[in-house]
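So the structure is just underneath, and the comments pick up after that.
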Amino acid sequence: LAEVASDPAATRDMFKRNFMWGRTTSATCDHTTVGESLMPDPEDGCAGLQDVFINHVFAGQQGSISARRSTRCAHGVCGLWNVPTSGEYNGREDAPFQFSGLSRAWYLTAAISGAHTVGRALPQNSGYFGWWSDHAESAIFNNDYFASLLFKGWRPDPDLFGNANKNQWVRADARGDAADLNAHAEMMLDTDMCLAYTRNTRPLHARDGRCCAWIEGDFGSANLFDSNMIADFCGAPLREDQGRGRGQCCDNNVNGRIGNDCDRRGNNGNDPPRGPAYEAVEKFAKNEQSFLHAYAEAWFVATTNGFPRQLHFLREPSPTPSTGVDCPSVSTQQSCIMNGCLWNAEAGTLANVPTFGRPLTDTGSQCSGGLVMSWGTVWGEVSSWNEMHPPKSPPPPPSPPAPDSPECERLPSMVNLRSLSPPEWCNAPERRNNAATCESAFAWERLGFAQFCVHNNG
């Protein structure tokens, strides 16, 4: 993914910073049966995401994202501070979005879904067909998946290739006519659409009938961060604070499947759609760095699950505060914050503040230090955890086997004197008198060693 990112070098460094080695591979999963897929069934929508990601992969990441984010967020608002000099990207991370109690597990699930921004679906592989991004963006690891999900109109495309069990979404706006679909079919699955939209509070499925998923231009153009313009909003550019309505986003009823709005609250009123990860989708759509940092966090959690105190970083993360303050020894909230530490009461009670999926170590103090990761600061008394020790060198590769000696390579063409009848030794008369005959023979010892015959010229 790093090699096809907008900034390959920075993204490569991000993955290296957040990679931990030492994990072993399991051939089976305890919560699945033989033959059961380990990935969500797209036809299940958010119920499939819930079963795989919320209940398993990110099960230790429950609670509100706004309560346990990082030094870049407080009280539900992120992006009001400069990014610490912790990693790869420079500048502010994200726009000031209100998370409104967004679930941390759904935040990470939305982020990990962003891998769909590259690649495509093919009928011979999955039964689905198309790309999650436009032609140019589908080869780049960036945030275009979220921009497509939010800034384009979508209509159901059921019974794909005559298969009632394969249903997807295609564009419903000006770039969703038959010619566009034949040239480059942009599509979404139920597991994509449900992150941002509902069927007016009910589960959203392409197989259930006609509707159009879209948002008002006012929602799309508010709080733009990377640019003051959306290049493709329902088929045309949209500038900040411009509006655009249903007529532009749901005007391509090729298959008669548009019907009413899927999630009317996002179209008529002052509230956005009601998908469980809408706030994350909006944030990622409007700021690429926030998506990349969230993806690094989701990838880190997913690849370290199940291995507490067993893994090691390639590079030791930077501690915070860096001044050597012993945070647990600080007893007052004012002194704790002034020294750059975290007062646990700001993020909830001690038992409800998981880091790396586990509670903070109880030091008898509410003041904690942390480690600066790509996505923010991980708080807690982490210095005693094996993960946070200085990185150990991976074990060296095994030495290559020693090459056979030249003498061993000669054995097939030589005479094994001990295999003769009767068995002989090197000092028989014909070998004492002839150097060539002598040195073309060997005697095989019982312990597996070959004793070569050597002529000493008398």
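We did not get these values from a lab; they are worked out from the coordinates using the rules stated. Everything numeric in this text was worked out from a predicted model, so none of it was measured.
So here's what we get for this one:
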item: Matching helices (runs of 4 or more DSSP H) fully within segment 132-229 where at least 1 residues are within 22 Å of Leu122 (Cα to Cα) and among the acidic types (Asp, Glu); result: 144-151, 178-183, 190-193
item: Segment 321-337, residues that are among the hydrophobic types (A, V, I, L, M, F, W, C) and in a helix (DSSP H, G or I); result: Cys327, Cys336, Ile337
